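Values quoted throughout were computed directly from the atomic coordinates according to the rules given, and no laboratory measurement underlies them. Owing to the predicted nature of the structure, the values given are computational and were not obtained by experimental measurement. Positions of Cβ are backbone-derived with ideal geometry, glycine not excepted, and every protein chain shown enters the neighbour counts.
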Ligand SMILES: Nc1nc2c(ncn2[C@@H]2O[C@H](COP(=O)(O)OP(=O)(O)OP(=O)(O)O)[C@@H](O)[C@H]2O)c(=O)[nH]1
Ligand SMILES: [Mg+2]
């Protein structure tokens, strides 16, 4: 997988910008004694925002961009001038990207639509300049607010492809062959296991110009949940599918047993996968005669629709498409296409303006108490070259 272009997992360190400090400047001009405080406000730090982009198919573009840092807000200046805001950083992601906290594993959000923006980290607010704090009793406040701090967060982005039908089967079951016969996708096909190393999507055209999307994923073997074969990591690409098409080759010892193993592995990965609508296709039916088919039919599992198909002769393919189309469009399945993302079921989907997933601590409002700070305290806390104080006052 190392040199593959199908990147569906990246970890990035994000940091929003610090808010700029408010200025503690005093107006000074010839013949203007006691010009008064005129320090401006600091600028806001840059936000970190995720944006869905339907032209992206993988997270490859983020593979070598492990840090995304927004810039800091600038400090306020003399004459009540505002500091410049920091620059926001927008991370473009493919549709179907889910975001987790890299440290806790908590699910944070998902991006499911083109152009959808999810605000991840809020940039620190800028501090207020000293002129805000002038009162009748303290006309020369020597303090201004500092900017809010930046927020740093490591996040994991995981891509979960969006499809209508997901193919589930052991290696060599004929999954890729089916996809290649009913869609324009050209997945690699061969008679050895694990030909398919990465998921691919194909658009299957149905009657009257209608179509649906089918996802071919690498084969699953018994023990995949413990990491055998390619493991189960690709199963997340069928988590959002409305229907799962189980594919078992006709030449297996027991179709029912194979089906049960597949189902068990799926449950191990995410129990909700077994709530999805399922169809079982017995593949390579061209190798069977009618007598054999009749015999096999008796042993098929009876808790789901089953049919015999052959990608070589086209047997059962039309019926399969009809069945899939019905299932995809059944109301019950439309509701079920949403699935809980492990490990948390809390959705922090952010849709309102200025609603960030991570926010800086609010500025403390104990400015009054700072009246008795010594100059040294102020210097320690806030002093920087862009703010200045008229020390004669
Ligand atoms: N006779 C017959 N052979 C088939 C049929 N479908 C697929 N095959 C053969 O089965 C073998 C495996 O097919 P693939 O489509 O690569 O199987 P897969 O399920 O994608 O396998 P992995 O990618 O390894 O998980 C190939 O040699 C195909 O030619 C079919 O309907 N009839
Ligand atoms: Mg394949």
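May I ask you to verify whether residue 315 is over 35 Å from the mean Cα position of the chain (by Cα) and assigned to a helix (DSSP H, G or I)?
Working: over 35 Å from the mean Cα position of the chain (by Cα): yes; assigned to a helix (DSSP H, G or I): no.
Answer is no for this residue.
Look at residue 240 and say whether it is assigned to a loop (DSSP other than H, G, I, E, B) and either more than 14 Å from ligand 1 (Cβ to nearest atom) or surrounded by fewer than 18 Cβ atoms within 10 Å (Cβ to Cβ) (or both). Don't jump to the end; show me each part of the working.
Details: assigned to a loop (DSSP other than H, G, I, E, B): yes; either more than 14 Å from ligand 1 (Cβ to nearest atom) or surrounded by fewer than 18 Cβ atoms within 10 Å (Cβ to Cβ) (or both): yes.
So residue 240 passes the test.
Scanning segment 293-323 for residues that are farther than 20 Å from residue 207 by Cα and within 16 Å of ligand 2 (Cβ to nearest atom) yields a single hit, 312. Residues in segment 171-186 that are more than 7 Å from ligand 1 (Cβ to nearest atom) and in a loop (DSSP other than H, G, I, E, B) were compared, and the one that is surrounded by the most Cβ atoms within 10 Å (Cβ to Cβ) is 185.
The one condition from (1) assigned to a loop (DSSP other than H, G, I, E, B); (2) surrounded by fewer than 21 Cβ atoms within 10 Å (Cβ to Cβ); (3) more than 14 Å from ligand 2 (Cβ to nearest atom) that residue 260 does not meet is (1).
This table checks each residue for (1) touching a strand residue (DSSP E or B) at 6+ places or on another chain (Cβ under 8 Å); (2) over 12 Å from residue 131 (Cβ atoms).
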site: 18; (1), (2): no, yes
site: 23; (1), (2): no, no
site: 37; (1), (2): yes, no
site: 45; (1), (2): no, yes
site: 54; (1), (2): no, yes
site: 59; (1), (2): yes, yes
site: 63; (1), (2): yes, yes
site: 86; (1), (2): no, yes
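Of all residues in segment 179-206, those satisfying the criterion of being within 22 Å of residue 278 (Cα to Cα) and either out of contact with any helix residue (DSSP H, G or I) (no Cβ under 8 Å at 6 or more places or on another chain) or away from ligand 2 (no atom under 11 Å from the Cβ) (or both) are 179, 180, 181, 182, 183, 201, 202, 203, 204, 205, 206. For segment 270-291, residues that are farther than 27 Å from residue 180 by Cα and outside any loop (DSSP other than H, G, I, E, B) total 4. One residue alone among 190, 140, 215, 150 is buried (at least 17 other Cβ atoms within 10 Å of the Cβ) and in a loop (DSSP other than H, G, I, E, B), and that residue is 150.
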